[in-house]
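Below: one structure, written as structure tokens.
Here, each number is a calculation from the coordinates, and none is a lab measurement. Note that the structure is predicted; figures quoted are calculated from it, not measured. Don't worry about glycine lacking a Cβ; one is built from the backbone with ideal geometry, like all the others, and counts go over all protein chains shown.
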């Protein structure tokens with residue numbers, strides 16, 4: 001069973017962040033218990049048309065759904081010692097996304113990575129006391145993402161640099 005439903009009339013169902021709270025009586029203990037039920041947002045926006053700009057939000061500015069659910073991103077576990085899934089490929093737009101609690105960005109073949117981007121690898125020189133000189137890093141040269149595997153590598157580098 002998938003957690004995204006597509007209906008016949010081009011409406012889509014996406015699980016929401018906030019769960020619906022129902023209070024019910026537990027017949028065994030005669031105590032009131034709170035049960036949480038997943039709510040679904042119904043939208044007519046096609047997955048290919050979804051972006052961060054049209055992410056549904058409440059009046060206070062908080063998003064109703066996670067960006068991973070909105071962009072149909074399935075997170076991947078990484079083998080580099082990270083316990084969270086901070087990279088994933090979007091089924092909606094085909095980009096590889098890297099994220100942390102600070103930032104999120106999507107990469108695809110043909111994107112140009114320039115300047116001091118988080119997607120570039122950085123080498124830090126050592127100071128006289130043996131510590132890294134975090135102020136003077138040497139970024140790799142500007143490049144264009146070649147293919148899907150290279151986009152995944154850049155997204156992984158980005159996720160590591162913003163975490």
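For this structure, a couple of remarks:
- For 154, 122, 162, order by how many other beta-carbon atoms lie within 10 Å, fewest first: 122, 162, 154
- Each 10 Å bin from zero up to the one holding the largest Cα-Cα distance in region 71-163 carries the following percent of pairs: 17, 44, 29, 8, 1.
- Taking only Cα atoms of the chain, radius of gyration then Dmax in Å: 20.9, 70
- Value at 222 nm in deg cm²/dmol, rounded to 500, when DSSP H runs of n ≥ 4 in the chain each add -39,500 (n - 2.57): -3500 deg cm²/dmol
- 37 °C / 0.692 mPa s Stokes-Einstein diffusion coefficient of region 1-54, Kirkwood radius on C-alpha pairs, µm²/s: 240
- Principal axis extents of the C-alpha atoms in region 14-106 (largest first, rounded to whole Å): 51, 37, 23.
- Least to most buried among 50, 102 (fewest other Cβ within 10 Å first): 102, 50
- Top of 132, 54, 30 by mean-square fluctuation, Gaussian network on the chain, Cα under 10 Å: 30
- Within a Gaussian network of the chain (alpha carbon springs, distance under 10 Å), most fluctuating of 98, 75, 61: 61
- Counting other Cβ atoms within 10 Å as a rough exposure proxy, the listed residues 70, 134 run 134, 70 from fewest neighbours to most.
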